[in-house]
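The values are calculated or read from the model by the stated rules, or taken from the named source; none is laboratory data. Keep in mind that this is a model prediction, so the values were computed, not measured. Don't worry about glycine lacking a Cβ; one is built from the backbone with ideal geometry, like all the others, and counts go over all protein chains shown.
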Amino acid sequence: MGFTSYKRGKEGEEKAVAYLIEQGFILLERNFHSRFGEIDIIAMKDEILHFIEVKYSPKNDAEYFITPQKIAKFVKTIDYYLLRKKWQGMYQMDAIIIKGEKISYLENISIWG
């Protein structure tokens, strides 16, 4: 990944965080890393833990970058996080797709895989 795409990705994450806070989410963590992968944003709303993948593209349909392989890595990373934090409540996998200035929030992306 080049510096430009890295910078664009970080700008997308900043927009996603601002959107989530506007929607009443409580931000818990950003860029959680494990040997299995990374979770862009972990947030809480209505006692549900949300694991959120952020995809940004100025032109393309960014949702197509969320592949079954990406979801499989996402699930392993979430399982690791849940085990490490001893979380036993409700949780879900979501995505925020940013195309230019338009933000779309997709819930329960696991059903895509």
Give me the pairs: first residue in region 20-48 and on the phi < 0 side of the Ramachandran plot, second residue assigned to a loop (DSSP other than H, G, I, E, B), beta-carbon distance under 7 Å, and six or more apart or on different chains, which are they? ALA43/PHE25; MET44/PHE25; LYS45/GLY24; LYS45/PHE25
Failed condition for GLY24, given (1) at pLDDT below 95; (2) closer than 25 Å to GLU11 by Cβ, with all others met? (1)
Can you find a residue in region 17-27 that is within 15 Å of ARG84 (Cα to Cα) and among the aliphatic types (A, V, I, L, M)? no
Subset of region 73-103 [surrounded by fewer than 17 Cβ atoms within 10 Å (Cβ to Cβ) and at pLDDT below 90]: GLY100, GLU101, LYS102
Condition test on ALA62, is it in contact with a strand residue (DSSP E or B) (Cβ under 8 Å, 6 or more places away or on another chain), surrounded by 13 or more Cβ atoms within 10 Å (Cβ to Cβ) and at pLDDT below 90? yes
